Amino acid sequence: MIRDHELRATVDRARAFDPDAWEALYRRLYPRLYAYANRRLPPSECDDAESETFTRAMDAIERFRWRGAGFDAWTFGILRNVVYERYRSRPAQTTTDALPELAAGDNGPLERLVAHEQVTDVRAAFARLGPEDREVLELRVLGDLDAKAVGSVLGKRPGAVRMAQQRALQRLGDLLTEAS
């Protein structure tokens, strides 16, 4: 993982169109951006959306400034716009495939069955959340962004993001309780 001072140096090199810097930024963000895109787009469109995001980032890197939530949030904001532009006329499509499976480890068949049922329950409850709740949780968990970064992406203050996250988790818990 790139540390803050290393990230700043990498972004500076990317501004000078250093391909190695862009590769490092891509490798840093790819898994999280893909997970977010996979929650919002059909799987066949995730790579295109991510490519479009990096193309736009490369075109706009000169306008990026180190204020607010940083480079990761700036890039997630670009991806969010790409997704919305693709599906402005229709509701966002979400899948539950991006939620991680519970590790089976050396558990026996009963433990694996219970774990699978729990994942299925969480996925079903998550799909029933409203789009705002899903997005804040996706950015915080899948995107691994802090409240300040999510606020930058969503146009909210960090405190409002933390409150929205708390409410979303409460609703998710209520849905899980309701299902059991």
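A short reminder: the numbers here are calculations on the coordinates, not readings from a lab. The structure presented is a predicted model; accordingly, all values stated were derived computationally and were not measured. When we count neighbours, we look across all protein chains shown, and the Cβ atoms used for this are built from the backbone with ideal geometry, even at glycine.
Rank these for me by crowding, W22, W74, W66, going from fewest to most other beta carbons within 10 Å.
Fewest to most other Cβ atoms nearby, the residues stand as W66, W22, W74.
Among S44, S152, which comes first, second and so on when ranked by fewest other beta-carbon atoms within 10 Å?
Fewest-to-most Cβ neighbours within 10 Å comes out as S44, S152.
Taking the number of other C-beta atoms within 10 Å as the exposure measure, put T75, T177 in order starting with the fewest. Write out the running numbers ahead of the final one.
Working: T75 23, T177 9.
Lowest to highest Cβ neighbour count: T177, T75.
Just to be sure I understand the model, the point goes 7 Å from the Cα along the line to the Cβ. What's the resulting Y30 to Q170 distance in nm?
Label at Y30, label at Q170, 4.1 nm between them.
Contact order normalised by length for the range 129-177, with contacts defined as Cα pairs under 8 Å and 6 or more residues apart; what percent is it?
39 percent
Could you tell me the calculated FRET efficiency between M163 and D48, based on Cβ-Cβ distance and R0 = 45 angstrom, to the nearest 0.05? List each step's numbers first, then the result.
Working: r = 34 Å, r/R0 = 0.76.
Efficiency computed from Cβ-Cβ geometry: 0.85.
Quick one: 3J(HN,Hα) in Hz for the range 16-24, Karplus 6.51/-1.76/1.60 with θ = phi - 60°, rounded, Gly and Pro as x.
Ordered by residue, 3J(HN,Hα) equals 8, 6, 6, x, 5, 5, 5, 5, 5 Hz.
How many angstrom separate the Cα center of the range 9-47 from the Cα center of the range 146-161?
21 Å
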